Amino acid sequence: MASANSPLAGRHVLLGITGSIAAYKAAMLCRLLKTAGADVQVVMTPLAKQFITPLTMATLSKHPILVEFFDPENGAWNSHVSLGEWADCMLIAPATANTLAKMATGVADNLLLTTYLSARCPVAVAPAMDLDMYAHAATQQNLRTLASRGVRIIEPGEGELASGLSGKGRMAEPETIAAFVGGLFDKRQTLAGKRMIVTAGATIEAIDPVRFISNHSSGKMGYAIAGELAARGAAVTLISGRTALPTPEGVERVDVLSAAEMYETTVAAFDRADGAVMCAAVADYTPSEVSETKLKKGDGELTITLRRTRDIAAELGARKGNRVLVGFALETHDEEANAESKLERKHFDFIVLNSLRDAGAGFRGDTNKVTFIDRAGHEELPLLSKREVAARIADRIEKIMNRSATAAQAAASGEPGQ
Ligand code: PMT
């Protein structure tokens with residue numbers, strides 16, 4: 001059973017296996033990743049099946065193995081884009097000289113390579129080949145190209161090779177590779193001792209016992225933020241509207257339904273908090289009256305009168321003091337002007353703007369495209385997984401908290417702050 005403190009606990013690892021004799025070590029590698037708590041999906045090149053059987057890898061990973069673009073039996077499509085979005089990390093082990101060359105040049109002639117080209121997560125490769133192939137200028141150039149694009153290279157070891165020769169080219173040992181991948185997620189406990197609130201998901205405003213007004217929020221963005229802050233050591237209270245998501249590791253979750261309930265719970269929790277991230281999609285209006293019985297349909301139109309809900313973020317902004325307050329702005333037009341206005345009105349330290357005009361941004365998906373806006377300017381990020389966006393938000397929160405701590409120390413010692 002994996003420890004909750006394992007950096008791989010709950011992480012999605014896409015394990016790519018290519019056609020090398022070192023593929024036999026992928027079985028042990030898969031086992032180590034699973035034992036550390038990762039969910040492992042294996043993608044093999046067609047040649048890799050000659051070195052290790054799909055049955056072995058499917059049994060160890062507990063998922064069917066993916067090799068082809070579609071299943072010839074029933075035509076089911078294996079979406080490389082969805083795989084790339086699902087993954088928190090793509091690890092290709094073993095990675096042959098052939099696959100490395102194709103990755104470096106953008107060749108996309110098998111599922112593993114198209115998935116690599118679609119992946120938005122960190123990618124690591126563990127090269128495995130004969131010593132002369134590894135030392136060849138072409139392979140070395142390909143590795144440099146990949147490294148310059150952010151691919152992590154797990155150095156091969158020296159020793160006896162399948163050819164009988166001895167030298168550098170042996171795939172790193174599974175223990176080394178698993179530790180390397182864990183290190184990609186191993187967060188320092190930079191927020192230890194901090195209490196954070198995160199609101200997430202959609203609120204539900206009852207019309208009658210049967211019907212309600214709500215929105216499309218799945219909670220994924222807010223849950224990713226709660227998980228990220230907890231992974232960095234913060235004590236996180238996640239105040240959640242209705243979602244179908246599991247509670248992130250180490251997070252205290254409080255379920256609420258309506259905007260009014262979310263208001264009461266969040267405002268009460270804020271007293272003891274060092275900061276809050278307001279990611280929930282909260283109803284701005286709620287029915288003025290909730291019918292106690294099911295509204296019956298008539299022939300004519302039905303009018304439901306709505307009244308304003310209280311703005312939770314604005315209330316926290318008014319009581320903020322030196323706490324960190326992060327808001328979201330979900331816009332469909334005049335994005336930056338609307339977000340800047342919310343930044344000021346609600347006294348956020350910064351606001352995370354996502355626009356429904358950007359593909360892959362906003363509700364439900366596993367990705368988001370956001371711009372951070374504060375009083376110093378704008379930072380536009382590329383399309384990233386929601387987990388990665390959460391990490392960038394946590395980085396900013398850390399910076400703000402460190403700045404405040406430095407300023408407080410400087411004030412206490414009579415020195416001018418930075
Ligand atoms: O949950 P997902 O499917 O992953 O989708 C993520 C998301 C699109 C919901 C998320 O990224 C997002 O944008 N959340 C904020 C949505 C929203 O309500 O934005 P807004 O522009 O209407 O509100 C501005 C800010 O005020 C937000 O921080 C909001 O949480 C807060 N607010 C709004 C109204 C209210 N009554 N109380 C609030 O606290």
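Below, the figures for the structure above:
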read-out	value
Helical contribution to [θ] at 222 nm, DSSP H n ≥ 4, -39,500 (n - 2.57), averaged over the chain, rounded to 500	-10500 deg cm²/dmol
Relative contact order (percent, whole number), the chain, Cα cutoff 8 Å, 6+ residue spacing	11
Cβ-placed point charges (K, R +1; D, E -1), dipole of the stretch 116-178 about Cα centre in debye, nearest 20	460
Filtered GluC sites (Glu not before Pro), the stretch 178-259: DSSP coil and at most 16 other beta carbons within 10 Å	E249
Cα gyration tensor shape for the chain, rounded if a/c is under 1.5, else prolate or oblate	prolate
Percent antiparallel among DSSP beta bridges (both partners in the chain, rounded to 5)	35
Beta bridge orientation in the stretch 315-418: antiparallel %, DSSP, nearest 5	60
Unit charges at the beta carbon, dipole of the stretch 325-368: most positive-side option, F363, H333, F350	F363
Distance in nm between pseudo-label sites at A135 and A376 (7 Å out along the Cβ direction from Cα)	4.9
Cα gyration tensor, the stretch 294-387 - rounded (a/c under 1.5), prolate or oblate	oblate
Mean separation of Cα contacts under 8 Å, 6 or more apart, over the residue count of the stretch 12-185: relative contact order %	23
Pairwise centroid distance, computed over Cα atoms, of the stretch 381-395 with the stretch 272-344, Å	24
The stretch 62-108 versus the stretch 223-240: alpha-carbon centroid distance in Å	31
Entries of K62/K102; K194/K346; K62/K168; K220/K296 with Cα pairs more than 27 Å apart	K62/K102; K62/K168; K220/K296
Cα-centred dipole magnitude for the stretch 195-406, charges only on beta-carbon of K, R (+1) and D, E (-1), debye, nearest 20	320
Electrostatic dipole magnitude of the chain [Cβ: Lys, Arg +1; Asp, Glu -1; Cα centre; debye, to 20]	500
Fluctuation leader among L257, L245, L113 - the chain, Gaussian network, Cα springs under 10 angstrom	L245
Peptides ranked, highest mean first, by Cβ atoms within 10 Å: ranges 141-148, 373-380, 231-238	231-238, 141-148, 373-380
Segments 294-302, 404-412 sorted - mean Cβ within 10 Å per residue, highest first	404-412, 294-302
Contact order normalised by residue count of the stretch 195-406, Cα under 8 Å, 6+ apart, percent	20
Nearest-0.05 FRET efficiency for A268 and T293, computed from C-beta distance (R0 41 Å)	0.80
The chain: most fluctuating residue of G241, G250, G106 per GNM, C-alpha cutoff 10 Å	G106
Selection from V107, H80, L146 lying farthest towards where the dipole of the chain points positive, charges on Cβ	L146
Share antiparallel - DSSP beta bridges, the stretch 12-185, percent rounded to 5	25
Cα shape, the stretch 12-185, gyration tensor, a/c 1.5 rule	rounded
GNM result for the chain, Cα springs below 10 Å: residue of I17, I312, I351 fluctuating most strongly	I312
Most positive-pole-ward Cα, A391, L229, V277, against dipole of the stretch 195-406 from beta carbon charges	L229
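Each value in this text was obtained by applying a stated rule to the coordinates, not by laboratory testing. Keep in mind the model is a prediction, meaning the values are calculated, not measured. All Cβ positions, even for glycine, are placed from backbone atoms using ideal geometry, and neighbour counts span all protein chains on display.
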